[in-house]
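The values are calculated or read from the model by the stated rules, or taken from the named source; none is laboratory data. These figures come from a predicted structure and were not determined experimentally. Counting neighbours? That spans all protein chains shown, and the Cβs are built from the backbone with ideal geometry, glycine included.
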Amino acid sequence: MSVRAGHWPSAAALKRLARQAVDAGAAVAGPLAGATELSVVFSGDAEVKVLNAGWRGKDKPTNVLSFPASAYRRGTELPPLLGDIVLASETVRREAVLEGKPLEHHLTHLLVHGFLHLLGYDHETEAEAVEMETLERRALDALAIPDPYA
């Protein structure tokens, strides 16, 4: 875990939220074989905008980006390094306020979302979105966080 920029809760709180989100995401994603590591970077809009432009061709910040370290195929053994999740402080905070959600709930949702991307889930098609959002809802429900899509 790394805090590079932005206004975030304490490092201890971020570590706790990240652990809870990853554990909840892993629990709903089905059995995962093997051990793996992942990196979570808490940054700001400026860095995420650069990453989003360079990797996705979108010249704007976004709330969360996921960068798989390798092409993990669901149902196979986890790679030693799963990948990176990068979050943008200003965007995450702005969305939480606009949606009337506690920051910790929104942040946990985005961590689950980013982790599921590293496990190969996506939301490019309607069927993929339904599958991924169902897993997100189940993970968040286990943490007593209301449905973020309601």
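So which residues in the stretch 107-148 are surrounded by fewer than 21 Cβ atoms within 10 Å (Cβ to Cβ), touching an Asp or Glu at 6+ places or on another chain (Cβ under 6 Å) and of a type outside the set (Asp, Glu), if there are any at all?
ARG137
Step by step: first the residues of the stretch 58-75, then only those that are among the small types (Gly, Ala, Ser) and at pLDDT below 95, then the one that is farthest from ARG94 (Cα to Cα). Which residue is that?
Once the filter is applied, the top-ranked residue is GLY75.
Take LEU38 and decide whether it is modelled with pLDDT of 95 or more, touching a Leu at 6+ places or on another chain (Cβ under 9 Å) and part of a helix (DSSP H, G or I).
In short, no.
What's the number of the only condition in (1) out of contact with any strand residue (DSSP E or B) (no Cβ under 7 Å at 6 or more places or on another chain); (2) of a type outside the set (Asp, Glu); (3) assigned to a loop (DSSP other than H, G, I, E, B); (4) farther than 18 Å from HIS113 by Cβ that ALA13 fails to meet?
So ALA13 meets the others, but not (3).
Check every one of the helices (runs of 4 or more DSSP H) wholly within the stretch 49-146 and list those with 3 or more residues that are more than 16 Å from ARG19 (Cα to Cα) and under 15 Å from the mean Cα position of the chain (by Cα).
By residue number, 89-99, 126-142.
If you take the residues in the stretch 40-87 that are β-branched (Val, Ile, Thr) and more than 20 Å from LEU111 (Cβ to Cβ), which one is surrounded by the fewest Cβ atoms within 10 Å (Cβ to Cβ)?
Restricting to residues being β-branched (Val, Ile, Thr) and more than 20 Å from LEU111 (Cβ to Cβ), the top hit is THR76.
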